[in-house]
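A.B. asks: So that we are looking at the same thing, I have put the structure below in structure tokens.
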Amino acid sequence: MNDDELERERASAHPAPAASPDSGAPFGPMPSKAAADDSASDCAALCAYVDDELPADTRAALQARLADDAGAAQRVAAWRAQKAALQTLCRADDAAASPGYVVLRRRDPWWRRAGLAAAWAVAGAGFAVAAGTLMPQWLPAGSWAMRGAADRDAAFPARDGEGFARRADVAYAVYSPEMRHPVEVRAADEAHLITWLSKRLGKPLAIPPLGEYGYALVGGRLLPGAAGPAAQFMYQNDAGARLTLYVSASGRDRDKVHLLSDGSRRTFYWSTDGMGYALSGPATEARLRTIAYEVCGALGGTSAQW
Amino acid sequence: MLRRPSAEFEAQVVAQLAPMRRYARALTGDAAWADDLVQDAAERALSRASSSRPDSNLRAWLLTILRHIYIDQLRGRREIAVDDESAPWRTLEAPHGEVDGLVLRDLQRALYLLPAAQREVLLLVCVEELSYQDASTVLGVPAGTVMSRLSRAREHLRVLLDRGPAQDPARHAAPLRVVGTTR
């Protein structure tokens, strides 16, 4: 089967019924038609065994058989090795290419759309009402989310801590590699930065100094949060490593500090006095927890949140 | 405005970008094309958030979208028969991994010698670790077909690796093709 056939398969509504699997595929490792028929179900069972798709009893029976059947055992071993090698082959550049962020930058359009949507949500009170009514219908998609109810109503701000942390994590992944425009307002205009973002978030913000840990403020930017504006402050040390503090209204009086790990990045997040905070940094920053502790305290948090 | 996906959904899709890209790269053997595919698939997924079903596997749903776009794009691209020297596995960089690079290069070459349908099912089950059920959803074929196709793919790959691509009769039966763009 080549790509043409793949296309045809896509075009037909119900391709390849069970009765006629693609037995006509043009390749020749099967010794003969008869032998292929004989071993087909056997091969399928071995396949399912390798992929752990068999029910427990069938699996046990097959396992017992493998002890006596050297040919089948050999086949299973070869297929397992194949599977492991395929994983190595295809996942080889996963780690090297800092997953996600290159692709994320290419996805500007929907970020802008999301931003626009957030702006509309803020601008139109009428829309908010409409959205509140419509949400239950189009948010079943959102129930991929682990927690449903609280998150389903647009009128509630980002209550879901993990959703909040993910947004912070994504914002970190998107902006921390940015060389030319890491921030909208630079640290040189710190006073303006604070005034501006405080006004947009409707709450007086503070930017905790992290000089003690070797991180200086780079600046900040405004971002669309889950249900309103969010602010991102960026810090950088001499080695070029960056941290971000992501801030958005959470509507939660006080939430404990949690950790979200995503590959090469870590995010500590919590809530204090109605504001959600997330400190993100590279997994290589061993002091991230200490820094988060410091930042949490500087922003009105208590050690009881830890 | 109904197209605005929830933050949760967005995050879930973002978390699947790496597997999507991996699958797209393996499917196309072309990094740039793969990135385009991932972008298109992610956009389409986000604009159709409401059509995903919460009870099914998100990764499978995303890979289905990606695959449909891939097949659609195949139509828009001109297929050119090529000789071995410019075949995709010649120009793909040998991967660096714990397993011997040469072994992997042989595997890579063999993988691209497989018929597309066999390659796909191997990638979905072995690399993306989808269940047979999810793979059957992605491919739009019954689970039984997934299993039979998979076992044939495995045997085919084993034979290719055992005796090397030079003796593979499939090469003569179905001439190799590489997909070039006309855009």
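The values are calculated or read from the model by the stated rules, or taken from the named source; none is laboratory data. Bear in mind that the values here come from a model prediction, so they are computed numbers and not experimental data. In this analysis, Cβ positions are derived from the backbone assuming ideal geometry, glycine residues included, and neighbour counts consider all displayed protein chains.
A.B. asks: Would you call A:Leu279 closer than 23 Å to A:Glu184 by Cα, out of contact with any Pro (no Cβ under 6 Å at 6 or more places or on another chain) and in the same structural domain as A:Ala173 (by TED's automatic domain parsing)?
C.D. replies: yes
A.B. asks: For B:Asp134, state whether it is more than 7 Å from every other protein chain (Cβ to nearest Cβ), part of a helix (DSSP H, G or I), closer than 26 Å to B:Ala18 by Cβ and at pLDDT 50 or above.
C.D. replies: yes
A.B. asks: If you go through the stretch A:183-208, how many residues are free of Cβ contacts under 8 Å to residues at least 24 places away in the same chain and in a loop (DSSP other than H, G, I, E, B)?
C.D. replies: Adding up the residues that qualify gives 1.
A.B. asks: Can I ask one more? Across the stretch A:290-306, which residue is surrounded by the most Cβ atoms within 10 Å (Cβ to Cβ) among those that are touching a strand residue (DSSP E or B) at 6+ places or on another chain (Cβ under 7 Å) and not in a helix (DSSP H, G or I)?
C.D. replies: Once the filter is applied, the top-ranked residue is A:Gly301.
A.B. asks: Select from the stretch B:34-63 the residues that are under 21 Å from A:Leu86 (Cα atoms) and either charged (D, E, K, R) or free of Cβ contacts under 8 Å to residues at least 12 places away in the same chain (or both) and list them in ascending order.
C.D. replies: Of everything in the stretch B:34-63, those that are under 21 Å from A:Leu86 (Cα atoms) and either charged (D, E, K, R) or free of Cβ contacts under 8 Å to residues at least 12 places away in the same chain (or both) turn out to be B:Asp35, B:Arg59.
A.B. asks: Still on this structure: Select from the stretch A:270-296 the residues that are more than 23 Å from the chain's Cα centre (by Cα) and under 16 Å from A:Tyr215 (Cβ atoms) and list them in ascending order.
C.D. replies: Result: A:Arg287, A:Thr290, A:Ile291, A:Tyr293, A:Glu294, A:Val295, A:Cys296.
A.B. asks: Could you look through the stretch A:26-45, keep only residues that are under 23 Å from B:Leu113 (Cα atoms) and either of a type in the set (A, V, I, L, M, F, W, C) or assigned to a helix (DSSP H, G or I) (or both), and pick out the one that is modelled with the lowest pLDDT?
C.D. replies: The qualifying residue modelled with the lowest pLDDT is A:Phe27.
A.B. asks: Taking the stretch A:73-94 as the search range and keeping residues that are surrounded by fewer than 19 Cβ atoms within 10 Å (Cβ to Cβ) and in contact (Cβ under 8 Å) with a residue 12 or more places away in the chain, which one is farthest from A:Asp262 (Cα to Cα)?
C.D. replies: By that ranking, first place goes to A:Val76.
A.B. asks: For the stretch A:263-306, which residues satisfy the criterion of being of a type in the set (A, V, I, L, M) and in contact with a helix residue (DSSP H, G or I) (Cβ under 9 Å, 6 or more places away or on another chain)?
C.D. replies: Across the stretch A:263-306, the qualifying residues are A:Met275, A:Ala278, A:Leu279, A:Ile291.
A.B. asks: Give just the number: which of (1) in a helix (DSSP H, G or I); (2) modelled with pLDDT of 90 or more does B:Val141 not satisfy?
C.D. replies: Unmet condition: (1).
A.B. asks: So, in the stretch A:171-205, exactly how many residues are within 14 Å of another protein chain (Cβ to nearest Cβ) and under 18 Å from A:Trp270 (Cβ atoms)?
C.D. replies: 2
Okay, residues lined up against (1) assigned to a loop (DSSP other than H, G, I, E, B); (2) more than 10 Å from chain A (Cβ to nearest Cβ); (3) over 30 Å from B:Arg109 (Cβ atoms); (4) more than 18 Å from the chain's Cα centre (by Cα):
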position	(1), (2), (3), (4)
B:Pro19	no, no, no, no
B:Arg22	no, no, no, no
B:Ala26	no, no, no, no
B:Ala34	no, no, no, no
B:Val38	no, no, no, no
B:Ala41	no, yes, no, no
B:Ala45	no, no, yes, no
B:Ser50	no, no, yes, yes
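A.B. asks: Taking the condition at pLDDT 90 or above, part of a helix (DSSP H, G or I) and more than 9 Å from every other protein chain (Cβ to nearest Cβ), does B:Ala110 pass?
C.D. replies: Considered against the rule, which asks whether it is at pLDDT 90 or above, part of a helix (DSSP H, G or I) and more than 9 Å from every other protein chain (Cβ to nearest Cβ), B:Ala110 comes out as no.
A.B. asks: A further question follows. Looking at the stretch A:234-246, which of the residues that are among the polar types (S, T, N, Q) and assigned to a strand (DSSP E or B) is nearest to the chain's Cα centre (by Cα)?
C.D. replies: My answer is A:Thr244.
A.B. asks: Identify all residues within the stretch B:137-154 that are surrounded by fewer than 24 Cβ atoms within 10 Å (Cβ to Cβ) and more than 7 Å from chain A (Cβ to nearest Cβ); write none if there are none.
C.D. replies: B:Thr137, B:Ala143
A.B. asks: Something else: Give A:Ala216, A:Ala231, A:Ala249 a once-over and let me know the one that is in contact (Cβ under 8 Å) with a residue 60 or more places away in the chain, over 18 Å from the mean Cα position of the chain (by Cα) and in the same structural domain as A:Arg166 (by TED's automatic domain parsing).
C.D. replies: Of the residues listed, the single one that is in contact (Cβ under 8 Å) with a residue 60 or more places away in the chain, over 18 Å from the mean Cα position of the chain (by Cα) and in the same structural domain as A:Arg166 (by TED's automatic domain parsing) is A:Ala249.
A.B. asks: Okay, moving on. For B:Ile69, only one of the following conditions fails: (1) crowded, with 20+ Cβ neighbours inside 10 Å; (2) more than 9 Å from chain A (Cβ to nearest Cβ). What is its number?
C.D. replies: Of everything listed in (1) crowded, with 20+ Cβ neighbours inside 10 Å; (2) more than 9 Å from chain A (Cβ to nearest Cβ), B:Ile69 misses just condition (1).
A.B. asks: Let me ask something additional. Would you mind finding the one in A:Ala249, A:Ala173 that is touching a helix residue (DSSP H, G or I) at 6+ places or on another chain (Cβ under 7 Å), surrounded by 20 or more Cβ atoms within 10 Å (Cβ to Cβ), more than 19 Å from A:Glu285 (Cβ to Cβ) and among the small types (Gly, Ala, Ser)?
C.D. replies: Testing whether each residue is touching a helix residue (DSSP H, G or I) at 6+ places or on another chain (Cβ under 7 Å), surrounded by 20 or more Cβ atoms within 10 Å (Cβ to Cβ), more than 19 Å from A:Glu285 (Cβ to Cβ) and among the small types (Gly, Ala, Ser) leaves just A:Ala249.
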